[in-house]
Amino acid sequence: MIRDAVDDDWTQIYPIFAAVVEAGETYAFPEGLSADEARPWWMDQSSGRTVVAAEGDLVLGSAKMGPNRPGRGAHIGTASFMIDVRQRGRGIGRALAVHMIEWSRQQGFAGIQFNAVVETNLAAVALWTSLGFAIVGTVPGAFDHASQGRVGLHVMYLEL
């Protein structure tokens, strides 16, 4: 089930967030953030929404979505996704992605832009391309991968 995140979900989202960020493979969020410091990076819903994929009371993953830029860039959406490492391979990311695309259409976005898909994150690149996203450019060496050093960041786009 995919539903809007509520305040009480943060206690389950934060360990997912912390594990993904600390792995140093996919997100450039600051490392070592406490739960209170990390919360605004993921739970701020002032211009969009945060959702969770859940089985009963168990949060399996989360996504946040909204406009990519303010003002004259607000007609293009963006999103970020984090799945509990123990739950990967179950289609949770795809379910969240399909939900986000449909929500973005309903909100009237003209397209969806991902600003920073790490090129070595092959599962994410495969998921996005399977859903119609195109790599419109790659910034060489823009991400300092924990084990592979500096790798590129893809900018990916889906026209809605």
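A few notes on this one:
- Counted residues, the range 1-49 - those being among the β-branched types (Val, Ile, Thr) and farther than 29 Å from residue 149 by Cα: 3
- In the range 85-108, of all residues being basic (Lys, Arg) and assigned to a helix (DSSP H, G or I), the one that is farthest from residue 16 (Cα to Cα) corresponds to 105.
- Test: residue in the range 96-103 that is at pLDDT below 95, surrounded by fewer than 16 Cβ atoms within 10 Å (Cβ to Cβ) and of a type in the set (D, E, K, R): no
- All positions within the range 1-22 that are aliphatic (A, V, I, L, M), open to solvent by 60 Å² or more (accessible area, probe 1.4 Å) and more than 15 Å from residue 96 (Cβ to Cβ): 6
The values are calculated or read from the model by the stated rules, or taken from the named source; none is laboratory data. If you're wondering where the values come from, they're calculated on a predicted model, not measured in any experiment. FYI the Cβ positions are ideal-geometry reconstructions off the backbone, even for glycines, and counts take in every protein chain you see. Note: areas computed on protein heavy atoms with side chains; ligands, DNA, RNA excluded. Shrake-Rupley method; radii C 1.70, N 1.55, O 1.52, S 1.80 Å.
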